[in-house]
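A.B. asks: Before anything else, here's the structure in question.
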Amino acid sequence: MNIQVKPGKPEEVTTDVLILGGYQDETEPMASVHSLDRRLGGLLTELRRSHEFEGKLNQTALVHTRGAIPAKRILLVGLGKKDKLGLDHVRQAMGTAIKRIRQIGAPSGAAVLLGVDQLASSIVAIAQAMVEGALLGSYRFTAYRTEPSDNDKTVKRLTLLVEDSGHLADAKEGVRRGHVAGEATAYVRDLCNHPANVMTPTRMVAEAKSVAKERGVRLTVLDRRQQEKLGMGGLLGVARGSHEPPQFIILEYTGAPKKERPIVLVGKTVTFDSGGISLKPSENMEQMKADMTGGAEVLATVRAAARLQLPLHVIGILPATENMPGGRAMKPGDILTMLSGKTVEVQNTDAEGRLILADGLAYATRLKPACIVDVATLTGACMVALGQFAIGMLGNDEPLKSQLKTAGEQSGERVWEMPLWDEYFEQLKSDVADMRNIGGRPAGMITAAMFLSKFVEEYPWVHLDIASTDWSTTERPYIGKGPTGIGTRLLIQYLLNCVDEKGR
Ligand code: BES
Ligand code: ZN
Ligand code: ZN
């Protein structure tokens, strides 16, 4: 989609569909469209008075303008109650609008800046949210369809109309950010949608190679021999049951001097999680092709940092493998010696994410990081605790946690904190090794994070459990059914905020 920012008034723009917002509980069109309404002979007022358009969040009304203004049609989209308006409602409204435009087969749309009169957010943030909503609302995965469908229509051009010329530069910056962040999320959705027979650890390396073509990005891949030499017992243990060779992928983006302590992102990259010998039930097992979401998000975030040329030093780490049963697979009771030197008794081979992450995190500490953020589809318990709308967050550093909370609010990919108290480690004690890899049924999300905490030393660290949010079972305004890529924009927003803080 080509996205532009143009100065101008809604009654002057030439487009197929002019997108306007409207609040709930208002009986008149808002003041900003009064002159437009006059040109249309009171059409907007009539839609309000007849209650055909009430402004409920994501409600739409489409009308033809029949030559009264250059725009061929007007699409009203509801923003919900005025005093409840948040940035994510703007994102949703744009997702709704773009889908409606696609439905009618119109190739272009133009939107006024939604919610500027009400939101405390900056113009940059509003424009960014609008573009994210539009790009993600129009996302589809068609790589394996061999027959055309009526769903193939796309909106080719979107214009953001800026009435106040003082807002022009900020709107353009917002579009730039929104474009990169939206594309990053779409990229993650693609990687997660590809089936596991395609998206193998080796294919993840190929994807990392494509990311390494961006300016300032360097790729290192450790193969099985190198992993053995270093002693990555966690990754190697999980990979034993698979014919696919494990890959340890390191992507370094140096937008700031290499000597600056890096922000290290670690992503769980299990390209298929069958459970291993502790085999999962077959119902919904196909969704485990997306158990590499964390890794995909790290990949996409590094790509976004490079595309935005952020002045940061960022390193992405992806321990990548399949988790399969097989004659050589690790067995319950096996003891692994991890990269950090600690030993782990594997009591359940399906708790594999923490095993590979332990090596990823231990590797991260060797880089003397400013902080570590890991992102992983780690526990079913996270889904039980939080449902579809919050990412689980646990960590050892208050400032870092609060930065991620803020980025979550801004991006609409919100996190919810769980406690990481020492008492929970009791559940991970083993009779034969330093720890075991499961902690029983209670507090499953916490014990998984507690396990990880043993591999980060004293570095500021946050763990994001995205098992709750990575797969949507419902169709939402800018999130379709299936892989969501949720977490990507959170990480990118966190990096953007790091840049702002540096500048202060
Ligand atoms: N990849 C799964 C977690 C998961 C479940 C992600 C559902 C997305 C949706 C993870 O590797 C796993 O199997 N965890 C186990 C851990 C348990 C054995 C302690 C779980 O949560 O059941
Ligand atoms: Zn598992
Ligand atoms: Zn898993």
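The values are calculated or read from the model by the stated rules, or taken from the named source; none is laboratory data. It should be emphasised that the depicted structure is a prediction, and the values quoted were computed from it without experimental measurement. Cβ sites come from the backbone with ideal geometry, for glycine too, and all protein chains shown count toward neighbours. Just the protein is used for accessible areas: all its heavy atoms, side chains included, with ligands, DNA and RNA removed. Shrake-Rupley method; radii C 1.70, N 1.55, O 1.52, S 1.80 Å.
A.B. asks: May I ask you to say which residue of I277, I263 is within 12 Å of ligand 2 (Cβ to nearest atom), among the β-branched types (V, I, T) and open to solvent by 10 Å² or more (accessible area, probe 1.4 Å)?
C.D. replies: Of the residues listed, the single one that is within 12 Å of ligand 2 (Cβ to nearest atom), among the β-branched types (V, I, T) and open to solvent by 10 Å² or more (accessible area, probe 1.4 Å) is I277.
A.B. asks: Continuing with the same structure: Any idea which of (1) buried (at least 18 other Cβ atoms within 10 Å of the Cβ); (2) part of a loop (DSSP other than H, G, I, E, B); (3) touching a helix residue (DSSP H, G or I) at 6+ places or on another chain (Cβ under 7 Å) is the one A106 doesn't satisfy?
C.D. replies: Result: A106 fails condition (3) only.
A.B. asks: Output the residues belonging to segment 204-213 that are closer than 11 Å to L299 by Cβ and either touching a residue at least 12 places away in the same chain (Cβ under 8 Å) or outside any helix (DSSP H, G or I) (or both).
C.D. replies: Scanning segment 204-213 gives M204, V205, E207, A208, V211, A212.
A.B. asks: I want to confirm something. Restricting to segment 337-370 and keeping residues that are within 15 Å of ligand 3 (Cβ to nearest atom) and more than 16 Å from K268 (Cα to Cα), which single residue is least open to solvent (accessible area, probe 1.4 Å)?
C.D. replies: Of everything passing the filter in segment 337-370, V346 is least open to solvent (accessible area, probe 1.4 Å).
A.B. asks: Determine which member of the set M199, M232, M204, M288 is in contact with a strand residue (DSSP E or B) (Cβ under 9 Å, 6 or more places away or on another chain) and within 16 Å of ligand 2 (Cβ to nearest atom).
C.D. replies: Every option except M288 fails the conditions.
A.B. asks: Return the only residue of T343, T379, T337 being β-branched (V, I, T), touching a Gly at 6+ places or on another chain (Cβ under 7 Å) and under 16 Å from M435 (Cβ atoms).
C.D. replies: Answer to the selection: T337.
A.B. asks: Go through (1) away from ligand 1 (no atom under 13 Å from the Cβ); (2) within 24 Å of Y459 (Cβ to Cβ) and name the single condition Q309 misses.
C.D. replies: Status for Q309: all satisfied but (2).
A.B. asks: Now for a separate question. Looking only at residues in segment 372-397 that are within 12 Å of ligand 1 (Cβ to nearest atom) and of a type in the set (G, A, S), which one is nearest to I317 (Cα to Cα)?
C.D. replies: A376
A.B. asks: Here's something else I'd like to know. Can you tell me which residues in segment 242-260 are within 16 Å of ligand 3 (Cβ to nearest atom) and either hydrophobic (A, V, I, L, M, F, W, C) or open to solvent by 20 Å² or more (accessible area, probe 1.4 Å) (or both)?
C.D. replies: E244
A.B. asks: Among D88, D37, D83, which is outside any loop (DSSP other than H, G, I, E, B) and within 16 Å of V131 (Cβ to Cβ)?
C.D. replies: Every option except D88 fails the conditions.
A.B. asks: Let me ask something else. What tally of residues in segment 425-469 results from selecting those that are assigned to a helix (DSSP H, G or I) and either in contact (Cβ under 8 Å) with a residue 12 or more places away in the chain or in contact with a Cys (Cβ under 7 Å, 6 or more places away or on another chain) (or both)?
C.D. replies: 13
A.B. asks: Tally time: how many residues in segment 1-33 are in a loop (DSSP other than H, G, I, E, B) and free of Cβ contacts under 8 Å to residues at least 40 places away in the same chain?
C.D. replies: So the count comes out to 3.
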